[in-house]
Amino acid sequence: MKVYLDNAATTPIDKEVLDAMMPYFTEHYGNPSSIHSYGRKCKAAIEESRKKVANFLNASSSEIFFTSCGTEANNTALKCAVRDLGVKHIISSPIEHHAVLYSLDCLQEHHDVKVHYLNVSKTGEVDLDQLDQLLNSINDKCLVSLMHANNEIGTMLDLERATEICSKHDAYFHTDAVQTFAHYPIDVQKLKIHFLSASAHKFHGPKGVGLLYINGDVKIKPFLHGGSQERNMRAGTENIYGIIGFAKAFEIASEHMSEHRAHVEGLKSNLKNQLITFFPDVEFNGESGEKSLYTVLSVSFPKDFGSDLLLFNLDIEGISCSGGSACSSGTDAGSHVMKHLNADPSRKSVRFSFSRFNTNEDIDFLVSVLKKMVAVEV
Ligand SMILES: Cc1ncc(COP(=O)(O)O)c(C=O)c1O
């Protein structure tokens, strides 16, 4: 049996999404910038997709920019804010994704901007009182960049409070919503978000397509220069099938959000309960309940699970999961998130992440494999 429990790294594409994309590989292959019928057909499909996405976000179509991935969306928001909006201070957290952290390193190195990192609790909660105080003490223009949910441990940001604080101090607010987009309802108007990043492959869409929402009042210049695609904001021939896939996957997710959520939450609590019952020494990283992303369960295993070989052994048994993020080396020492949370280095953290395509049989199989592994170790 093969079980895929690494959906925070990427999700399998939904067949319905692939079916919606296929005609744009075969019949509708025009360049959306061409003025003939092939081009016009593709251009219209992109604009239809943009409208659909905007509606679900309570945004206007002119605020939606398709990108190549979440990484590009994060880079665009942060780098353009410094270049075009007079931002002199950026406030973020040390447990953001590297697409944010390395962009901040680059900005600090090459631009006249200071980056501040907020304190983070042991469970990954960002100190929003400190954010308030910091913004109060800075007179220059600030950008705050905080992820909606941490991709390794699943701890969620109180988006409402964070955006309220930013609004109060007239600071720009960017959120990396790559792990939550299409899993939670997001109303960009209500929350006063200036920039929001998303990526289709985290919600059963294709890889290679992302989105940056830019509030209509925020005027930045292009990140990529060249053609006039994406209303001059992002040059390059559009990934048309990707964009169609993004919109279709988002449509399915938005229309069935509570049903999908109930199913995935059931899987997560099934695994958590079985781990508590059968392995009393197991601990959980991050927050729990409403403050935890329902697609992620980060588990800290004691040494007797064969720490170093745990992921390898699970893989041999047909279970795919991850040691943190897909980009980390598979050891806690390799994870900047675990390092900041002061995780016990003798324990091994494994991220199990679920999707609506997982079943309770998958969870039972995982638990049976873990039982077997512990029996062998003992
Ligand atoms: C929180 C977060 N931000 C950004 C990214 C990067 O997204 P992409 O793979 O689309 O570049 C990821 C992907 O793992 C992520 O989890």
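Numbers below:
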read-out	value
Which listed residue, of 286, 216, is away from the ligand (no atom under 16 Å from the Cβ), modelled with pLDDT of 95 or more and out of contact with any Phe, Trp or Tyr (no Cβ under 9 Å at 6 or more places or on another chain)	216
Some residue of region 162-174 being free of Cβ contacts under 8 Å to residues at least 60 places away in the same chain, more than 22 Å from the chain's Cα centre (by Cα), surrounded by fewer than 23 Cβ atoms within 10 Å (Cβ to Cβ) and on the phi > 0 side of the Ramachandran plot	yes
Single residue of 178, 120 found to be of a type in the set (A, V, I, L, M, F, W, C), surrounded by fewer than 24 Cβ atoms within 10 Å (Cβ to Cβ) and at pLDDT 95 or above	120
Complete set of residues in region 1-51 that are within 16 Å of the ligand (Cβ to nearest atom) and small (Gly, Ala, Ser)	8, 9
Top-ranked residue of region 199-218 - restricted to ones that are touching a Lys or Arg at 6+ places or on another chain (Cβ under 9 Å) and outside any helix (DSSP H, G or I), ranked as surrounded by the fewest Cβ atoms within 10 Å (Cβ to Cβ)	215
Residue within region 38-55 that is in contact with a His (Cβ under 8 Å, 6 or more places away or on another chain), within 30 Å of residue 358 (Cβ to Cβ) and in contact (Cβ under 8 Å) with a residue 40 or more places away in the chain present	no
Residue within region 195-210 that is at pLDDT 95 or above and more than 16 Å from the ligand (Cβ to nearest atom) present	no
Test for residue 193: is it touching a Ser or Thr at 6+ places or on another chain (Cβ under 9 Å) and more than 28 Å from residue 242 (Cα to Cα)	no
Unique residue being of a type in the set (A, V, I, L, M, F, W, C) and either free of Cβ contacts under 8 Å to residues at least 40 places away in the same chain or assigned to a loop (DSSP other than H, G, I, E, B) (or both) when the list is 78, 107	107
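Per-residue answers, yes or no, for (1) in the same structural domain as residue 93 (by TED's automatic domain parsing); (2) aliphatic (A, V, I, L, M); (3) touching a helix residue (DSSP H, G or I) at 6+ places or on another chain (Cβ under 8 Å); (4) over 29 Å from residue 91 (Cα atoms):
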{"site": "207", "(1), (2), (3), (4)": "yes, no, yes, yes"}
{"site": "217", "(1), (2), (3), (4)": "yes, no, no, no"}
{"site": "222", "(1), (2), (3), (4)": "yes, no, no, no"}
{"site": "238", "(1), (2), (3), (4)": "yes, no, yes, yes"}
{"site": "261", "(1), (2), (3), (4)": "no, no, no, yes"}
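So that you can scan it fast, the table gives a plain yes or no per residue for (1) touching an Asp or Glu at 6+ places or on another chain (Cβ under 6 Å); (2) at pLDDT 95 or above; (3) assigned to a strand (DSSP E or B):
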position	(1), (2), (3)
259	no, yes, no
266	no, yes, no
297	no, yes, yes
312	no, no, no
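The values are calculated or read from the model by the stated rules, or taken from the named source; none is laboratory data. Everything numeric here is computed off the predicted structure, so don't read it as measured data. Positions of Cβ are backbone-derived with ideal geometry, glycine not excepted, and every protein chain shown enters the neighbour counts.
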